[in-house]
Amino acid sequence: MTNKEEFIDFLNFLMEDEEISKKIRAKINDLISLSDKEDLGIFLDKSTNIFEDILENPDIPMYTRTQLWEGLSLIESVQL
């Protein structure tokens, strides 16, 4: 099982990855800022929604898509 801090570390890792577009990194940055303001369940739900919205774009690179799927797996394993 993963905890919230591990998921935030993953989001920070994505922010540092220059292979990921600026638009996606902006959405990830928004998630990081929400992490302290929202209840854990709400934060994870919003994270899932944002990741799924990004994944709907057929033009994102496969590498980015794989990273986002890994993020969704982390969300599912976070202990509430």
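The table below lists the values:
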item	result
Accessible surface, per residue, of the chain when the full set of protein chains is kept, probe 1.4 Å, Å²	64
In nm, spacing of pseudo-spin labels at ASP39 and GLU6 (7 Å Cα→C-beta vector)	2.4
Formal net charge of residues neighbouring THR2 (Cβ-Cβ distance under 13 Å; K, R +1; D, E -1)	-4
Rounded if a/c under 1.5, otherwise prolate or oblate - region 12-56, Cα gyration tensor axes	oblate
The chain shape via C-alpha gyration tensor axes, a/c threshold 1.5	prolate
Assigned charges on the beta-carbon of Lys, Arg, Asp, Glu; the chain dipole about Cα centre (debye)	180
Sulfur and carbon atoms: percent of accessible area, the chain [1.4 Å]	49
Relative contact order of the chain, defined on C-alpha pairs under 8 angstrom at six or more residues apart (%)	49
Residue-averaged [θ]222 nm for the chain, counting only DSSP H segments that reach four residues, each worth -39500 (n - 2.57)	-23500 deg cm²/dmol
With Cα atoms, 0 to 90° folded angle of helix 62-77 axis to the chain main axis	10
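The values are calculated or read from the model by the stated rules, or taken from the named source; none is laboratory data. The structure displayed is predicted, hence computed values, not measured ones. As a convention, Cβ positions derive from the backbone with ideal geometry for all residues, glycine included, and neighbour counts pool all protein chains shown. Protein only, heavy atoms only, side chains kept; ligands, DNA and RNA dropped before computing areas. Shrake-Rupley method; radii C 1.70, N 1.55, O 1.52, S 1.80 Å.
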